[in-house]
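In what follows, a structure is listed as structure tokens, so that the remarks can point back to it.
The values are calculated or read from the model by the stated rules, or taken from the named source; none is laboratory data. Predicted model, so just to flag it, every value in this text is computed and none were measured. Reconstructed Cβ throughout: ideal geometry from the backbone, glycine too, with neighbour counts over all protein chains shown.
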Amino acid sequence: MRIAHLRSRLQQLGAKPCHEDRLLRGWSQVCSYDRKGSPAATFFPAALRAELADIEAQLSGLARLHGEYPVDEEVARLLLRLADGQMVESVLLPRGGLCISTQVGCAVGCVFCMSGRAGLIRQLGSAEIVAQVVLARRRRKVEKVVFMGMGEPAHNLDNVLEAIDVLGTQGNIGHKNLVLSTVGDERVFERLPQGSVKPALALSLHSTDTTLRAKLLPNAPQISVEELVARCEEYARATGYPVQYQWTLIEGVNDGDAELTRIVELLSGKYAVMNFIPFNAVDGLEYRRPSDERIAFMVGTLKQQGILARIRDSAGQEVEGACGQLRARAENEKRR
Ligand code: SF4
């Protein structure tokens, strides 16, 4: 379901924009529709009130919890079942963060990622994207949403931007706390600046060598690394939020000194943060994460050169839950 379809249904029941917004606010913030001096019981048109329970049931059924895999007190992987039985993953992150999925499967096919191995299965509707936030908020506070779970947001941009709009206007999430992650796609650079809610941008870089990058991200758009950084920098300067560069660190693949030198050349003076994510073990893949010493050296070198850099663990290694693995295992169990 798309938010646009929900709005049409509400309009057919006599809703005006203020009614639609109040319903979306109540749903996305998991709070009452009532407002001081104006309870929903009298505020919504009668036809909408008559259908409200049905609409709420439909919204609740968009994503249900199938399994929860805690990592520590603050981090947990959630496996969610959608209305048609498909499954996606969300991750509760520290400090009120939440990582959500935008597609079932993914067409980019990054060689280090489980989500991309089965290809794209289907798009998530914008309401299914928001429903992941609603489900997480029923468990705890959510103040930051990163679109870095299963799927490439650029391949489902209409739904992703619709969800971002709702979360930023009705869902009480600061615009810079909505982070859209992409492998780099012309459509993202064109459309993000046009939205009334402008999210922060994360770019999955993984290598400074355009040829190697094309091997690691086989179905990403063929845009040179230099061009990607230039487009990201333009957006960062326009919005005032630094771009977060994502870099899955793989031993012997993209953790060498030549990469470090090129990162310094590319990102010096840029409004940017480098997030190194040590590779998570993925069933059937030979890759390994670099040693802790090597990772610390890479971060330290960038910092010495004035580039903000940090280590981000892809939450869930402890439950063998690298992106897409929970879903893959649940699907295997279904087939048995
Ligand atoms: Fe898709 Fe992201 Fe996995 Fe790449 S890392 S295959 S873009 S989900």
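Which one of these does Ala47 not meet: (1) aliphatic (A, V, I, L, M); (2) more than 16 Å from the ligand (Cβ to nearest atom); (3) under 27 Å from His175 (Cα atoms); (4) at pLDDT 95 or above?
(3)
Can you confirm whether segment 35-43 contains a residue that is out of contact with any Lys or Arg (no Cβ under 8 Å at 6 or more places or on another chain), surrounded by fewer than 21 Cβ atoms within 10 Å (Cβ to Cβ), among the β-branched types (Val, Ile, Thr) and not assigned by the TED database to the domain that holds Gln123?
Taking every residue of segment 35-43 in turn, at least one turns out to be out of contact with any Lys or Arg (no Cβ under 8 Å at 6 or more places or on another chain), surrounded by fewer than 21 Cβ atoms within 10 Å (Cβ to Cβ), among the β-branched types (Val, Ile, Thr) and not assigned by the TED database to the domain that holds Gln123.
Confirm whether Arg95 is surrounded by fewer than 18 Cβ atoms within 10 Å (Cβ to Cβ) and in the same structural domain as Val133 (by the TED database).
yes
Which one is nearest to the ligand (Cβ to nearest atom), of the residues in segment 237-252 that are crowded, with 18+ Cβ neighbours inside 10 Å and more than 30 Å from Ala281 (Cα to Cα)?
Tyr241
If I filter segment 30-43 down to residues being modelled with pLDDT under 80 and in a loop (DSSP other than H, G, I, E, B), which single residue comes out as nearest to the chain's Cα centre (by Cα)?
Going through the qualifying residues, I end up with Asp34.
Quick grid of which residues meet (1) at pLDDT below 95; (2) within 15 Å of the ligand (Cβ to nearest atom); (3) crowded, with 18+ Cβ neighbours inside 10 Å; (4) not assigned by the TED database to the domain that holds Leu266:
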{"site": "Gly149", "(1), (2), (3), (4)": "yes, yes, yes, no"}
{"site": "Leu161", "(1), (2), (3), (4)": "no, no, yes, no"}
{"site": "Thr169", "(1), (2), (3), (4)": "no, no, no, no"}
{"site": "Leu192", "(1), (2), (3), (4)": "no, no, yes, no"}
{"site": "Lys198", "(1), (2), (3), (4)": "no, no, yes, no"}
{"site": "Glu226", "(1), (2), (3), (4)": "no, no, no, no"}
{"site": "Val229", "(1), (2), (3), (4)": "no, no, yes, no"}
{"site": "Tyr235", "(1), (2), (3), (4)": "no, no, yes, no"}
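Which of the residues spanning segment 44-61 are in a loop (DSSP other than H, G, I, E, B) and surrounded by 15 or more Cβ atoms within 10 Å (Cβ to Cβ)?
Phe44
Filter segment 1-29 for residues that are at pLDDT 95 or above and in a loop (DSSP other than H, G, I, E, B); which is surrounded by the most Cβ atoms within 10 Å (Cβ to Cβ)?
It comes out as Ala15.
Taking Asn177, is it among the polar types (S, T, N, Q) and touching a residue at least 40 places away in the same chain (Cβ under 8 Å)?
When the stated conditions are applied, Asn177 does not pass them.
Sort through Arg95, Arg64 and tell me the only one that's more than 13 Å from the ligand (Cβ to nearest atom) and not in a loop (DSSP other than H, G, I, E, B).
Arg64
So which residues in segment 114-147 are crowded, with 21+ Cβ neighbours inside 10 Å, free of Cβ contacts under 8 Å to residues at least 60 places away in the same chain and closer than 23 Å to Asn219 by Cβ?
Leu124, Ile129, Phe147
Conditions first: (1) at pLDDT 95 or above; (2) out of contact with any Asp or Glu (no Cβ under 8 Å at 6 or more places or on another chain); (3) more than 16 Å from the ligand (Cβ to nearest atom). Ile100 passes all but one, so which condition is the exception?
The failed condition is (3).
Out of all the residues in segment 69-88, is one or more modelled with pLDDT of 95 or more, closer than 26 Å to Lys144 by Cβ and not in a strand (DSSP E or B)?
Taking every residue of segment 69-88 in turn, at least one turns out to be modelled with pLDDT of 95 or more, closer than 26 Å to Lys144 by Cβ and not in a strand (DSSP E or B).
Which condition number does Val166 fail, the rest of (1) without any contact (Cβ under 8 Å) to a residue 40 or more places away in the chain; (2) β-branched (Val, Ile, Thr); (3) not in a loop (DSSP other than H, G, I, E, B) being met?
Against the list (1) without any contact (Cβ under 8 Å) to a residue 40 or more places away in the chain; (2) β-branched (Val, Ile, Thr); (3) not in a loop (DSSP other than H, G, I, E, B), Val166 comes up short only on (1).
Would you mention how many residues in segment 171-184 are buried (at least 20 other Cβ atoms within 10 Å of the Cβ) and either more than 16 Å from the ligand (Cβ to nearest atom) or of a type in the set (Asp, Glu) (or both)?
Total satisfying the criteria: 3.
For segment 116-147, enumerate the residues that are within 13 Å of the chain's Cα centre (by Cα), within 14 Å of the ligand (Cβ to nearest atom) and under 20 Å from Asn275 (Cβ atoms).
Residues satisfying the conditions are Val146, Phe147.
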